[in-house]
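These notes concern the structure reproduced below.
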Amino acid sequence: MSLALNPRVIVAGVVPWLVPVAPVTVECGYPSPAQDYFSGEIDLNEHLIQDKTSTFIVRVAGDSMQGAGISDGDELIVNKALEPKDGSVVVAILDGELTIKRLRITAAGVVLEAANPKYPSIRVPELSELRIWGVVTRCLHYV
Amino acid sequence: MDVNSFYASAERIFDPSLEGRPVIVLSNNDGCAVTRSDEAKALGIVLGEPWFRIAPRAKEWGLQARSSNYELYGSISSRVMILLARYSAWQEVYSIDECFLGVKGSGEDLLDLGRAMKEACRRHVGVPVCVGIAPTKTLAKLSNKWAKKNKAFGGVCRWESVPAAEREALMARLPVNEIWGVATRLTKRLAGMGIYSIKDLACADAVMIRDKFSVVMMRTVLELQGTPCIPMEEERIGREQLIFSRSFSTPIRTGLDMRQVMSVYAQQASARLAKHQLQAKVLTAFAATSYYNPADTSYPSVVVPLPMPTADPVILAKAAHALVPRIHDGLKYVRAGIMVTDLRPSGNQPPLALFENAHEERRIGPLIEDVAKRFGRGSIGLGVAGLKGGPDWSMKRDMLSPRYTTEWTELPVVKAA
């Protein structure tokens with residue numbers, strides 16, 4: 001196999017000097033043309049996790065975020081260090097429990113919305129009273 | 001930097017219902033309280049208090065207890081350390097929840113930096129920490145303690161920012177064993193020389209202290225006086241020892257059972273040595289009966305010099321078995337352990353083939369490790385160590401929280417309802 005990768009012209013009358021090589025390594029001749037371009041497979045950690053000190057993975061229990069593409073049993077990537085903004089899907093601390101909601105910050109006030117009409121929105125008097133545990137950055141949905 | 005009530009704080013990250021409530025974390029085997037939240041301290045629970053004494057009142061207090069979740073604490077610790085390393089190129093991780101960082105700057109800059117570190121730990125990882133800033137490591141530890149005790153500091157105390165009179169008053173108030181590096185057992189001898197408080201020690205003559213005690217104590221004196229002499233250990237080059245010790249959920253009563261314990265511990269010590277690419281020259285095996293049962297006490301131990309520096313589980317287990325004849329059948333042994341000392345990097349000096357351990361050549365240690373990694377601890381063992389169903393003396397962790405950050409099947413659950 002290695003030899004096939006490195007065709008050599010055999011001059012008549014000269015016995016070629018065969019070097020036994022392991023099939024995967026290319027001992028002589030041209031290096032693999034891809035070698036200079038290969039810098040490792042895609043690493044999901046690198047693409048999905050901005051900061052490994054503040055990123056946690058959590059599992060969803062319930063269907064209240066169905067409309068946001070987040071289903072019961074999905075895993076979420078949560079970054080605790082991100083600043084929550086209007087529209088962020090957040091993990092909030094409600095009654096001592098980690099709860100997932102969409103945060104709405106408008107002139108009218110702060111609201112935690114579900115993404116399922118079955119569940120009512122929760123109005124929060126002050127943003128400072130709200131305890132946000134982290135901001136959801138990705139959903140790992142089972143298909 | 002030191003994390004406040006580290007184990008309890010780590011538990012609170014994923015269980016906000018523990019916020020504001022008394023929380024304790026128990027030692028191996030749910031033996032005694034090793035970490036107390038501030039609320040638990042306020043209840044008068046002392047460090048090391050056995051769980052069986054606390055348990056009857058837990059409900060009345062609203063106290064929550066957790067078994068030691070080492071997987072979780074290790075993961076949270078590493079996040080904190082990686083985060084803080086961004087603030088200084090010079091970091092010495094001193095323990096699971098403490099590190100020293102080398103920083104330079106003016107007073108106000110340093111205080112700002114300390115506050116930034118504290119805020120980063122809260123936001124990124126979710127744990128409260130205190131920061132002590134001082135010209136020496138000993139004073140930094142003292143400042144840190146002060147920041148913890150006195151809320152007015154807001155968790156960050158810079159020694160030199162505090163008026164000198166206040167610093168002196170603090171040192172005069174605190175007993176000498178409150179300082180880093182002074183063992184409680186030395187307090188009597190120090191008291192005999194009129195040294196009771198930290199201030200007394202700081203005012204002592206360093207040379208006299210060296211002559212009467214040790215160089216270590218002299219360094220403490222100099223550090224208290226503001227001269228740095230305990231260098232930053234950027235990397236611990238050689239570990240002096242490695243200890244593997246646990247208490248049992250059910251006491252061990254026979255030499256035969258102890259033999260099994262020793263085999264398991266030897267195997268685990270071997271795995272750790274191999275992981276750090278170390279070999280040991282000496283093995284110490286020990287066992288102890290309960291501290292709370294003063295009748296029938298027995299504290300056997302043996303020191304076994306090994307024929308060659310080794311990490312071989314077979315040889316370590318054989319050496320550890322020397323403890324077995326010293327076990328009195330019938331007594332209740334509640335803990336045992338092995339310690340390997342005189343450690344050296346493996347392969348530093350290849351032994352002559354003549355002396356090479358036969359098992360080492362066959363790489364039994366790594367083989368056992370590979371199997372254990374794939375099929376779990378307890379799936380394979382040496383001789384009697386490999387038992388079906390796991391031995392019944394192994395660690396009890398009845399109040400264990402999930403391994404939230406290290407096991408895919410135990411992720412924290414967020415409610416979508």
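Figures for the structure shown
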item: Cα-centre dipole for chain B with unit charges at Cβ (Lys and Arg positive, Asp and Glu negative), debye to 20; result: 580 debye
item: Prolate/oblate/rounded call for region B:163-235, Cα gyration tensor, a/c under 1.5 rounded; result: oblate
item: Anchor B:Lys188: lysines whose Cα lies under 20 Å away (excluding residues fewer than 8 positions away in-chain); result: B:Lys199, B:Lys212
item: Fully extended contour minus Cα-Cα distance, from B:Ala152 to B:Arg374, at 0.36 nm per residue; result: 74.8 nm
item: Charge dipole magnitude, Cβ of K and R +1, D and E -1 - region B:163-235, Cα centre, debye nearest 20; result: 440 debye
item: Mean residue ellipticity (222 nm) of chain B, computed from DSSP H runs ≥ 4 via -39,500 (n - 2.57), nearest 500; result: -10500 deg cm²/dmol
item: Point-charge dipole on Cβ atoms (K/R +1, D/E -1) for region A:31-121, about Cα centre, debye to 20; result: 420 debye
item: Degrees separating the helix B:364-375 axis from the principal Cα axis of chain B, which is the longest one; result: 80 degrees
item: Max mean-square fluctuation residue, GNM over chain B, Cα-Cα springs under 10 Å, options B:Leu63, B:Leu256, B:Leu186; result: B:Leu186
item: Fewest-first sequence of A:His47, B:His321 by Cβ atoms within 10 Å of each Cβ; result: A:His47, B:His321
item: B:Ile243-B:Ala42 FRET efficiency (beta carbon distance; Förster radius 30 Å; 0.05 resolution); result: 0.35
item: Residues B:Cys99, B:Cys203, B:Cys121, sorted so that the one with the fewest Cβ neighbours within 10 Å comes first; result: B:Cys203, B:Cys99, B:Cys121
item: Distance between modelled label sites at A:Ser32 and B:Arg122, nm, 7 Å Cα→Cβ extension; result: 5.1 nm
item: Which of A:Val110, B:Val334 has the fewest Cβ neighbours within 10 Å, and the rest in rising order; result: A:Val110, B:Val334
item: Separation of alpha-carbon centers, region B:70-131 and region B:237-286, rounded to whole Å; result: 32 Å
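None of the figures in this text is laboratory data; all of them are computed from the coordinates on show. In this text, all values refer to a predicted model and were calculated from it rather than measured experimentally. Virtual Cβ from ideal backbone geometry, glycine too; neighbours counted across all protein chains shown.
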